[in-house]
Amino acid sequence: MRNLSSPSDTLIGITGATGYVGGKVASQLAQRGLRQRLIVRDVSRAPQLPGAEVAHASDLGDADGMTKTLRGVHTLFLVSGDLDPNRKHQHTTAVEAALAAGVERIVYLSFLNAAPDATFTLARDHYHTEERIRASGVAFTFLRSSLYAESAPHFAGADGVIRGPAGDGRVSYVTRDDVVDSAVVVLSTPGHDGQTYSNTGPEALTLTETAALLTEITRRQCSYYDETMEEARQSRAVYGAPDSTVEAWISTYTAIANGELSTITDDIPRVTGHPAHTLRDFLLRNPESYQHLVQGT
């Protein structure tokens, strides 16, 4: 297992390059003059960046496609897949494909406090992916991120009410841009092999405090209603989503209630060299994020 000593001499593979985090990471790496291969499902949506080639794989579970696209890649930035009942299998397949292709380093976008018994069901998938990467023998860095600040305005429904069984638990929202900055540093500089970074904001808020902040910033009255588990399932049944998806949605709130998303670290400032942004910072800088709450008021 060799260290990354000359990033400019290596090829970096990026999954999820048509999404926000993957796309922003790819853009910043291009600005640094690094060579990349953007692995996407729809090549027509891939960003056109200097020094970046585009390769197609149908999804992370496409073993042949992923193996083919990863040949020649030294470092893989593995962005977790969509909310899917087969997500754990897809992640494992992507790791196996990376190993078969000769990838020597994986930087994996994981989730805060990933564990086999995590309350948030998707954090369990992240844990198992991490364990497969650990067992592989390749160099790795895990970027465990808290809930994105971008999600906070969308917790509230059309009536301005945040509903979920989160009690008085707290969540250390992190901005996607801070996560992007962290990933870019890890991918482009040496010294991060074997590290697990927990990317959080500098404070942890209850959902009551989140609603109060939304009220202040949007000038739309928002509030938090602490649902029972039965109420949570009933209120989400209208979406017709698979049971596993509904449980994943609800477990976001129960993970908050259990204190699993309240962790605060200084990993963002230590890695990036700048302070982590608060939810207030995000809302003030991104008024488009809460327009659905103010339209028609």
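Taking the stretch 208-235 as the range and being assigned to a helix (DSSP H, G or I) and either of a type in the set (Asp, Glu) or touching a Lys or Arg at 6+ places or on another chain (Cβ under 9 Å) (or both) as the test, the residues that pass are Glu209, Leu213, Leu214, Glu216, Ile217, Glu230, Glu231, Ala232, Ser235. Among the residues of the stretch 267-294, those that are farther than 24 Å from Asn113 by Cα and polar (S, T, N, Q) comprise Asn286, Ser289, Gln291.
Taking the residues in the stretch 253-269 that are touching a strand residue (DSSP E or B) at 6+ places or on another chain (Cβ under 8 Å) and farther than 15 Å from Val174 by Cα as candidates, determine which candidate is surrounded by the fewest Cβ atoms within 10 Å (Cβ to Cβ). Only one residue fits best here, namely Gly259.
Residue-wise test of (1) in contact (Cβ under 8 Å) with a residue 24 or more places away in the chain; (2) under 11 Å from the mean Cα position of the chain (by Cα).
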| residue | (1), (2) |
| --- | --- |
| Ser80 | yes, yes |
| Leu83 | yes, no |
| Val107 | yes, no |
| Tyr127 | no, no |
| Ala135 | no, no |
| Ser146 | yes, yes |
| Gly167 | yes, no |
| Val180 | yes, yes |
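Hey, could you check the stretch 32-78 for residues that are surrounded by 13 or more Cβ atoms within 10 Å (Cβ to Cβ) and in a helix (DSSP H, G or I) and say which is farthest from the chain's Cα centre (by Cα)? That would be Lys68. Screening Ser244, Ser223 for residues that are crowded, with 16+ Cβ neighbours inside 10 Å and either in contact (Cβ under 8 Å) with a residue 24 or more places away in the chain or out of contact with any Ser or Thr (no Cβ under 7 Å at 6 or more places or on another chain) (or both) leaves exactly one candidate, Ser223. Considering every residue within the stretch 253-266, establish whether at least one is under 17 Å from Ala118 (Cβ atoms), assigned to a helix (DSSP H, G or I) and not aliphatic (A, V, I, L, M). Within the stretch 253-266, one or more residues are under 17 Å from Ala118 (Cβ atoms), assigned to a helix (DSSP H, G or I) and not aliphatic (A, V, I, L, M).
Just so you know, all these numbers are worked out from the coordinates, no wet-lab data involved. This is a predicted model, so every value here is computed, not measured. Cβ atoms come from the backbone with ideal geometry, glycine included; neighbour counts cover every protein chain shown.
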